[in-house]
Amino acid sequence: MKNIKRILLATLATTTFLTGSAFATDVKNVAITAIVEHPALDAVRQGALAELKKEGFEEGKNLKVDFQSAQGNTATAAQIARKFVGDKPDVILAIGTPSAQAAAAATRHIPIVFSAITDPVAAKLVKSWQASGGNVTGASDTLPIQPQIDLIKKLIPNLKTIGFVYSSGEVNSTVVLKQLQEAGKTNGFTVIEAPAPRTTDISTAARSLKGRVDVIYTSPDNGIVSAYESLYKSALDAGIPLIAADTTTVARGAIAALSNNYYTLGEETGKIIASILKGEKPGNIPVKTMDKLDLLLNLKSAKAFGVQVPQELVDSAKEVIKE
């Protein structure tokens with residue numbers, strides 16, 4: 001009888017140990033890095049985590065999350081990437097082009113999912129928009145350029161010149177600049193670029209366009225978006241209307257933006273991460289793009305800039321900030 005009891009106790013202990021071990025291995029680790037914190041990128045992170053919870057991966061239960069921001073510094077982004085590689089997470093979520101490039105340079109083995117990147121091919125993160133092998137895939141915030149031009153023309157009917165304030169070191173923005181310049185050839189406008197390599201250069205770049213352009217257009221540029229209030233103040237002082245391609249900037253001073261919903265982009269990103277955590281290889285997953293754009297308007301800003309917003313835009317907008 002004693003021997004039977006010993007066997008039962010030993011079996012119970014072994015079962016408990018294995019159960020505990022199995023539970024431990026069920027905890028997935030996702031390391032998240034962002035080049036900077038601003039409303040759009042924050043929404044991506046929040047959307048991704050919300051979607052992961054829907055997919056059965058909940059932080060504090062079976063999901064461990066480590067988030068670090070590079071605070072706009074590419075050298076810091078590289079340091080974070082190296083640290084994450086050393087930690088060996090199940091997936092690295094890299095939000096913003098510099099952070100994704102840093103992660104991709106640091107490892108070819110750990111799955112990397114990028115988000116909020118305009119052109120991952122130009123950024124040399126993937127070979128194509130299709131499933132292209134390797135350890136990198138993700139979700140892009142790329143936008144068709146013609147709807148952007150159409151919006152600007154409706155707000156600025158006599159459009160001749162567009163000013164483009166951008167971070168010259170960010171691939172996202174240089175890609176959009178080329179698209180704008182090409183679109184100008186068939187839409188009857190020219191582009192005057194105003195590079196702002198650092199956030200402290202934004203005000204100077206905007207003021208340099210005074211009297212030279214009809215409007216300032218901004219892309220989903222992380223450097224510019226992170227300091228949008230500074231751009232708005234300088235544009236207002238210079239009397240140049242401000243139109244954007246990031247809906248989170250409308251509440252911060254842009255007259256209008258036709259863009260992706262970044263929380264939804266985050267949800268799509270979360271679906272990709274979940275599929276990898278469930279066993280799918282990143283190289284088998286094509287880059288996700290968004291197929292629905294939201295129009296947001298700020299009538300208070302429009303009045304401050306002296307711009308009349310057509311009623312058709314007001315009627316079609318998803319959200320309108322009124323006077």
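FYI, it's all coordinate maths here, none of it is from the lab. Treat the numbers as computed from the prediction; the structure is a model and nothing was measured. Because the Cβ atoms are built from the backbone with ideal geometry, glycine has one as well, and the counts that use them run over all protein chains shown.
Worth pointing out:
- Condition met for L143 (touching a strand residue (DSSP E or B) at 6+ places or on another chain (Cβ under 8 Å), over 27 Å from A238 (Cα atoms) and either part of a loop (DSSP other than H, G, I, E, B) or among the acidic types (D, E) (or both)): yes
- G60 vs. criteria in contact with a helix residue (DSSP H, G or I) (Cβ under 9 Å, 6 or more places away or on another chain), farther than 25 Å from Q179 by Cβ and either free of Cβ contacts under 8 Å to residues at least 24 places away in the same chain or exposed (fewer than 15 other Cβ atoms within 10 Å of the Cβ) (or both): no
- Filtered by the rule that a residue be over 21 Å from the mean Cα position of the chain (by Cα) and of a type in the set (V, I, T), the range 217-254 gives a lone residue, I240.
- Taking the criterion of being of a type outside the set (G, A, S), buried (at least 17 other Cβ atoms within 10 Å of the Cβ), touching a residue at least 60 places away in the same chain (Cβ under 8 Å) and in a helix (DSSP H, G or I), the residues of the range 272-299 that qualify are I272, I273, I276, L277, P282.
- Those residues of the range 66-112 which are over 13 Å from V30 (Cα atoms) and of a type in the set (S, T, N, Q), in sequence order: S69, Q71, N73, T74, T76, Q79, T97, S99, Q101, T107
- Among residues that are of a type outside the set (S, T, N, Q), crowded, with 17+ Cβ neighbours inside 10 Å, over 24 Å from V225 (Cα atoms) and more than 16 Å from the chain's Cα centre (by Cα), V126 is included.
- For the range 177-197, residues that are buried (at least 20 other Cβ atoms within 10 Å of the Cβ) and touching a Leu at 6+ places or on another chain (Cβ under 8 Å) total 2.
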